[in-house]
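The values are calculated or read from the model by the stated rules, or taken from the named source; none is laboratory data. All values derive from a computational prediction rather than experimental measurement. Methodologically, a virtual Cβ is constructed for each residue, glycine included, from the backbone with ideal geometry; neighbour enumeration extends over all protein chains shown. The area values use the complete protein model at the heavy-atom level, side chains included, leaving out ligands, DNA and RNA. Shrake-Rupley method; radii C 1.70, N 1.55, O 1.52, S 1.80 Å.
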Amino acid sequence: MLLAGDVGGTKTLLGVFERGDPRPVAKAVHSYVTASFASFGAILDAFARDMKDPVTVEAVALGVAGPVVAKRAVMTNVGLEIAAADVGERL
C-alpha cells in the first residue's frame with residue numbers, strides 16, 4: 001500500500017492506495033484541519049484510527065507546504081515539523 005498526502009496550512013488530505021493498472025486504487029481517504037493537531041504524528045494517528053482496516057504501508061509520498069531540507073520540513077504557516085524518519089517509524 002502507498003500512503004499519499006497533501007499537507008497544507010489549512011487542511012491535510014491523507015489516503016492509502018493499492019497498486020492498480022493503469023493507476024493506484026484508493027482504499028481510504030480522509031481530510032483533517034491541520035491547525036487542529038499539535039503534530040503531524042497526531043494527524044497520522046487520527047488517520048490510522050479513521051481507517052476501517054489496518055494496512056501495511058510500503059511507500060509514502062507527501063506534498064508539504066514548506067521547504068524540505070535533509071528529509072525534514074517545517075511547514076511555513078503552521079509550524080508543524082514533518083521528518084521522514086518519524087513518518088517511517090510511525091508506520
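What GluC sites (Glu not before Pro) in segment 1-89 are in a loop by DSSP, with at most 12 other Cβ atoms within 10 Å of the Cβ?
Working: sites: Glu18, Glu58, Glu81, Glu89; in loops: Glu58.
Sparse-neighbourhood loop GluC sites (Glu not before Pro): Glu58.
For n ≥ 4 DSSP H runs only, could you compute -39500 (n - 2.57) per run for the chain, divide by its residues and tell me the 222 nm figure to the nearest 500?
Numbers: 2 runs with 18 residues, N = 91.
Rounded to the nearest 500, it is -5500 deg cm²/dmol.
Which loop-located trypsin sites (Lys or Arg not before Pro) does the chain contain, where loop means any DSSP state but H, G, I, E or B and the Cβ has at most 16 other Cβ atoms within 10 Å?
Details: sites: Lys11, Arg19, Lys27, Arg49, Lys52, Lys71, Arg72, Arg90; in loops: Arg19, Lys52, Lys71.
Counting only loop positions with at most 16 other Cβ atoms within 10 Å, the trypsin sites (Lys or Arg not before Pro) in the chain are Arg19, Lys52, Lys71.
Keeping the other protein chains in place, figure out the carbon and sulfur percent of the accessible area of the chain, with a 1.4 Å probe. If you can, show how the numbers build up before the last one.
Details: 3030 of 5730 Å².
Carbon plus sulfur share of accessible area: 53 percent.
Express the accessible area of the chain per residue in Å², computed with a 1.4 Å probe while the remaining protein chains stay in the model.
On the way: 5730 Å² over 91 residues.
That works out to 63 Å² per residue.
Using unit Cβ charges (K, R positive; D, E negative) and no other charged atoms, how large, in debye to the nearest 20, is the dipole of the chain about its Cα centre? Working shown, then result.
On the way: 9 positive and 10 negative charges, 25 e Å.
Charge dipole, the chain, about its Cα centre: 120 debye, nearest 20.
Just name one of Pro54, Ala26, Leu44: the one whose Cα is farthest towards the positive end of the charge dipole of segment 13-91 (beta-carbon charges, Lys/Arg +1, Asp/Glu -1).
Ala26
Given N residues in the chain, what is Rg(Cα) / (2.2 N^0.38 Å)?
Working: Rg = 12.8 Å, N = 91, 2.2 N^0.38 = 12.2 Å.
With N residues counted in the chain, Rg over 2.2 N^0.38 Å equals 1.04.
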